[in-house]
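I'd like to ask some things about the structure below.
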Amino acid sequence: MKPSNMMKILMIGSIFLLATSAIAAEGALKIAAASGKVMVMISPAAEWSDAQQGQVLSKKDGIKTAEDGVARLEFPDTSSVTLKENTEVSVEELVWEEAAKTVGINMTAGQLKVLIKTPSDFKVKTPAAICGARGTVFYIFIEGADTRVYVDEGSVDFTSTISGDSYVVIQGMESIASVTGEMSQPRKLTGDEKAAVLAGWETGPIAELYTEPEVSNQDNLGDMSQQEMTQENPAQENKASRI
């Protein structure tokens, strides 16, 4: 086979792979469920329009919910991002291939739940923090100038966008980041506090088939002393440290 013909075959193969990847990423995120007033801004448009169930979202697209709006975004493996009322996010990064899955979400307001089914590089950025997911289920709340994260399963790298300080927040714990750069040390929630965080997420059109995580040794962290907890998770020092 002549070198020129081999080069043509390689070029055709590369174009096919690039096209396949582009198509996969293009349809990797869709609106699986929505109720109430839900709006989308599809790039390059600069205006919001009514969202439609099944609608595909791509990089640079945005979605927001009104006071009566809720929505669930879903990936091909049924990983999901759920928006409660008065929430606004945009897709900053979206690569969904067999060998690599990278998702970047920019969140400017509201309440968000993330459920990850397969390993991926998944980050949510708010005005005060970046949540890098190691594990499967976590919740983000923007409250005034603060960002609060609660981890229901797995762990999250929680980093201040102002100071660069960081904590690893593990199952059953929450941490708060302020736009001043301050961060609270992760703490275990009480039963009532956890119930308040989880309230309203598993009903109506945003409900998902999900089994409560099994009780593990991590659930006993609430009974540990501060010294024991720091030993269990070295990243949790009196002053937030970089990961």
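The values are calculated or read from the model by the stated rules, or taken from the named source; none is laboratory data. Computed from a predicted structure; not experimentally measured. Ideal geometry is used to build each Cβ from the backbone, glycine not excepted, and the neighbour counts take in all protein chains shown.
Suppose we keep only residues that are farther than 20 Å from Ala28 by Cβ and among the acidic types (Asp, Glu) within the range 49-101. Which one would you say is surrounded by the most Cβ atoms within 10 Å (Cβ to Cβ)?
Per the stated criteria, the residue is Glu88.
Could you tell me whether any residue of the range 122-134 is in a strand (DSSP E or B) and in contact with a Leu (Cβ under 7 Å, 6 or more places away or on another chain)?
yes
Here is a further query. Exactly one of (1) among the basic types (Lys, Arg); (2) closer than 20 Å to Lys188 by Cα; (3) assigned to a loop (DSSP other than H, G, I, E, B) is unmet by Lys117. Its number?
(2)
Looking at the structure I just gave you, is Ala100 hydrophobic (A, V, I, L, M, F, W, C) and closer than 22 Å to Val179 by Cα?
So Ala100 fails the test.
Follow-up question, since we're still on this one. Among the residues of the range 155-207, write down those that are at positive phi and either modelled with pLDDT under 95 or in contact with a Cys (Cβ under 8 Å, 6 or more places away or on another chain) (or both).
Step one: of the range 155-207, the residues at positive phi are 164, 172, 181, 200, 204.
If the condition is that a residue be at positive phi and either modelled with pLDDT under 95 or in contact with a Cys (Cβ under 8 Å, 6 or more places away or on another chain) (or both), then Gly200, Gly204 are the ones that fit.
Return the residues of the range 44-64 that are out of contact with any helix residue (DSSP H, G or I) (no Cβ under 9 Å at 6 or more places or on another chain), of a type outside the set (D, E, K, R) and part of a strand (DSSP E or B); say none if nothing qualifies.
Once the filter is applied, which keeps residues that are out of contact with any helix residue (DSSP H, G or I) (no Cβ under 9 Å at 6 or more places or on another chain), of a type outside the set (D, E, K, R) and part of a strand (DSSP E or B), the range 44-64 yields Ser49, Leu57, Gly62, Ile63.
Sticking with this one: Considering the range 86-123 alone, what residues qualify as being polar (S, T, N, Q) and either under 15 Å from Val137 (Cα atoms) or touching a helix residue (DSSP H, G or I) at 6+ places or on another chain (Cβ under 9 Å) (or both)? First the steps, then the outcome.
Step one: list which residues in the range 86-123 are polar (S, T, N, Q), which gives 86-87, 90, 102, 106, 108, 111, 118, 120.
Scanning the range 86-123 gives Gln111, Thr118, Ser120.
Now, a different point. Working carefully through the options Gly164, Gly181, find the one that is more than 18 Å from Gln111 (Cβ to Cβ) and in contact (Cβ under 8 Å) with a residue 40 or more places away in the chain.
Details: Gly181 fails: in contact (Cβ under 8 Å) with a residue 40 or more places away in the chain.
Selected residue: Gly164, the only one of Gly164, Gly181 that is more than 18 Å from Gln111 (Cβ to Cβ) and in contact (Cβ under 8 Å) with a residue 40 or more places away in the chain.
Filter the range 116-161 for residues that are more than 22 Å from Gly181 (Cβ to Cβ), without any contact (Cβ under 8 Å) to a residue 40 or more places away in the chain and acidic (Asp, Glu) and give the result.
Scanning the range 116-161 gives a single hit, Asp121.
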